[in-house]
Amino acid sequence: MAIDIDTARKVAHLARIAVPETRLPALADQLSGILSFMEQLNEVDVSGIEPMTSVTPMRLKRRADVVTDGNIQASILKNAPDAREGFFAVPKVVE
Amino acid sequence: MSTLNTLTIAAARDALRAREISSVELTEACLTAIDGAGALNAFVHRTPEIAHAQARAADARLAAGEAPSLCGIPLGIKDLFCTKGVASQAASNILKGFKPEYESTVTQNLWDAGAVMLGKLNMDEFAMGSSNETSCYGNVVNPWRRGDDTTPLTPGGSSGGSASAVAADLCLAATGTDTGGSIRQPAAFTGIVGIKPTYGRVSRWGVVAFASSLDQAGPMTKTVRDAAIMLGTMASHDAKDSTSADLAVPDFEAMLTGDIRGKKIGIPKEYRMEGMPAEIERLWADGAAMMREAGAEIVDISLPHTKYALPAYYVVAPAEASSNLARYDGVRYGHRAKLGAGDGITEMYEKTRAEGFGAEVQRRIMIGTYVLSAGFYDAYYNRARKVRALIKRDFEQVFATGIDAILTPATPSAAFGLGEMADASPVEMYLNDVFTVTVNLAGLPGIAVPTGYDAKGLPLALQLIGRPWGEGDLLNHAYVLERAAGFSGKPAKWW
């Protein structure tokens, strides 16, 4: 299935990646090329096959619901591009 | 000039324990080699102060006796591993300036054993690439050349810095990670050994995630014995990784008996690709003959869904990547774009990610977003996961017939020139992983062992695939192949 320019624009927005209009045709082409490679999967009979969720059959481990970490606010904020008063700062979200 | 940097882990360990050399001397030899190898662009963050401090501590431990195998051994660490206080940016501009406040489990295991960190190694951005040409640090150059031809060659990817550094004797060994072949393909392109362990053998905690159901870290070393030694230290059960296996880690080195008499080696017919170069065919046949001479039985086998491994991989891996890389939003760490007047939070995300991610990473995030989007989830993602189940079943059926290991080529060719694939489509580049992705999809251990050369004198490797959790047995098969092939070549120093 080919991806048209509108779909490429929509996918870029869903992925939260700014793509200039001028680059959308090339992007649509590349994505279409990759998708047509994936079309081969339609040749396989997958009836009755469960989608794999884990390579090793295992039940995810459980542990007691207790606090194991904490009091590391400075450490968590240390790499933030903009941290103020103990918080991550972002542009205004709510008017 | 000291040549201590050319030692294997095993030889250095024995010399360190005998107090014939010190870790400080060994580390100094590596740091000097690194300083003289800027042309390879393998080490991108050097940590000489840490290295000196760790080397002195290792020497004290060695003097006290009873030091572990890796005590005092200088290593390179792929930039994908978080190392406390040291830049760890997955070769991406989006993590520029990021210095983790924590240490990955794998590197912690190495430091606990007394290993020495020389610095961080170049790689493809977020481990997405097969030629180390997608790095924000620029290309890595392979120390090998085509005879007298000075064309710079790729070391492979994504662990290209690790491969180049080990092949050029800048470090005794390095860590790598492998999601679709990123340890084995660069090992093959540089004439070294690389093993991807069984999924769950090595903790993923603190390793920047690409595709969580496929990612696995492993050692890249000069010999199979070194791989056995280093894997034993990297592997552990880790409560911080819910997919880490609660299994004892055997003494892999002790399992290198060199005896594979009576073992059954499978040769999968589907790996004989159309248009396979004659020299790869010959390498493969020679490898099978070596194992037969060592007393193994060679058996023709079939893995019927092999053809579908690459397309399934290029659905599953980008899907998981699009989800994992959603965390790079310019809020908690790394790069944030400069915003214009009136820009809100959505523009902040979109501009940050457009500036921070390179072209290949953007492409894979968008493919992943598409195959997971409403209306296409079943057609692509679920279908790929079903095909993945069939690929795994192929292997299970073969192992159920008593096959001990599977022998295949590691790559479709020797190392190619940097830039030679510039005009190729993304899919053509993906074909580099044709022999290695099946192993990740099935969660199996796989190892690349150098066994010969192409017509231009470049190294070529074979891959052995083992049973789940059978790394010890797999390493022993690789050990036999290594000894029989007698590959001992080193690139002529030009850098």
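Counted over the protein assembly as shown, the DSSP beta bridges are approximately 70% antiparallel. How about B:Lys263: which lysines have a C-alpha closer than 28 Å to its C-alpha, ignoring those fewer than 8 places off in the same chain? Filter leaves B:Lys196, B:Lys222, B:Lys307, B:Lys392. Taking Lys and Arg as +1 and Asp and Glu as -1, the other residues whose beta-carbon sits under 9 Å from that of B:Cys136 total 0. Taking a straight line from the alpha carbon of B:Lys240, these aspartates and glutamates sit under 19 Å away, with near neighbours fewer than eight places off in the same chain left out: A:Asp65, A:Asp69, B:Glu101, B:Glu103, B:Asp112, B:Asp215. A Cβ-based charge dipole, computed about the Cα centre of chain B with Lys and Arg at +1 and Asp and Glu at -1, lands at about 440 debye.
Spacing of the modelled spin labels on A:Glu39 and B:Ala422, each 7 Å from Cα toward Cβ, amounts to 3.1 nm.
Between A:Ile49 and B:Arg292, what FRET efficiency comes out of the Förster formula 1/(1 + (r/R0)^6) with R0 = 35 Å and r the beta carbon distance, rounded to 0.05? Could you put the intermediate results ahead of the total?
On the way: r = 36 Å, r/R0 = 1.03.
Efficiency computed from Cβ-Cβ geometry: 0.45.
For B:Ala461, the residues 5 or more places off, or on other chains, whose built amide H falls under 5 Å of its own are B:Ala410, B:Thr411, B:Thr451.
Close amide H contacts of B:Ser135 (hydrogens built in the peptide plane, cut-off under 5 Å, sequence separation of 5 or more or a different chain): B:Glu125.
Couplings for segment B:269-274, taken from phi via the Karplus curve 6.51 cos²θ - 1.76 cosθ + 1.60 with θ = phi - 60°, read 5, 5, 7, 7, 6, 4 Hz in order; Gly and Pro are left as x. Amide H to amide H, with H built 1.01 Å from N, B:His335 comes under 5 Å of B:Leu95, B:Lys96, counting only residues 5 or more places away or on other chains.
Return the FRET efficiency for the residue pair B:Tyr102, A:Asp65: r is the Cβ-Cβ distance, R0 is 22 Å, and the value is rounded to the nearest 0.05. It comes out at approximately 0.50. Qualifying GluC sites (Glu not before Pro) in segment B:1-108, where qualification requires a DSSP coil assignment and no more than 12 other C-beta atoms within 10 Å, comprise B:Glu20, B:Glu66.
Our coupling estimate for segment B:170-181, obtained by passing each phi through the Karplus curve with A = 6.51, B = -1.76, C = 1.60 and θ = phi - 60°, is 7, 8, 6, 6, 9, 8, x, 9, 9, 10, x, x Hz, Gly and Pro reported as x. Each label was represented as a point 7 Å from its Cα along the Cα-to-Cβ direction; for B:Arg19 and B:Thr401 these points are 5.8 nm apart. Among A:Arg59, A:Arg84, A:Arg16, the residue with the largest mean-square fluctuation in a Gaussian network model of chain A, with springs joining Cα atoms closer than 10 Å, is A:Arg84. Along segment B:241-248 the Karplus relation, 6.51 cos²θ - 1.76 cosθ + 1.60 evaluated at θ = phi - 60°, assigns HN-Hα couplings of 10, 5, 9, 6, 7, 8, 10, 5 Hz to successive residues, with x for each Gly and Pro. Net charge of the neighbourhood of B:Leu458, taken over other residues with C-beta under 14 Å away and scored Lys/Arg +1, Asp/Glu -1, is -1.
Relative contact order of segment B:29-187: 27 percent, from C-alpha pairs under 8 Å at least 6 residues apart in sequence. Taking 0.36 nm per residue of separation and subtracting the Cα-Cα distance, full extension of the segment from B:Trp495 to B:Ala60 would add 153.2 nm.
Report the net charge of residues surrounding B:Lys99, where surrounding means a beta-carbon distance below 14 angstrom and charges are Lys +1, Arg +1, Asp -1, Glu -1.
+2
Between segment B:203-250 and segment A:31-95, the C-alpha centres lie 20 angstrom from each other. In percent, rounded to a whole number, the relative contact order of chain B is 18, using alpha-carbon pairs under 8 Å and six or more apart. DSSP bridge analysis restricted to chain B gives an antiparallel fraction near 65%, rounded to the nearest 5. Adding -39500 (n - 2.57) for every DSSP H run of four residues or longer, then dividing by how many residues chain A holds, sets the calculated 222 nm ellipticity at -9500 deg cm²/dmol.
Here, each number is a calculation from the coordinates, and none is a lab measurement. Note that the structure is a prediction, hence the values are computed from the model and not measured. Heads up, the Cβs are rebuilt from the backbone with ideal geometry, glycines too, and the neighbour counts pull from every protein chain shown.
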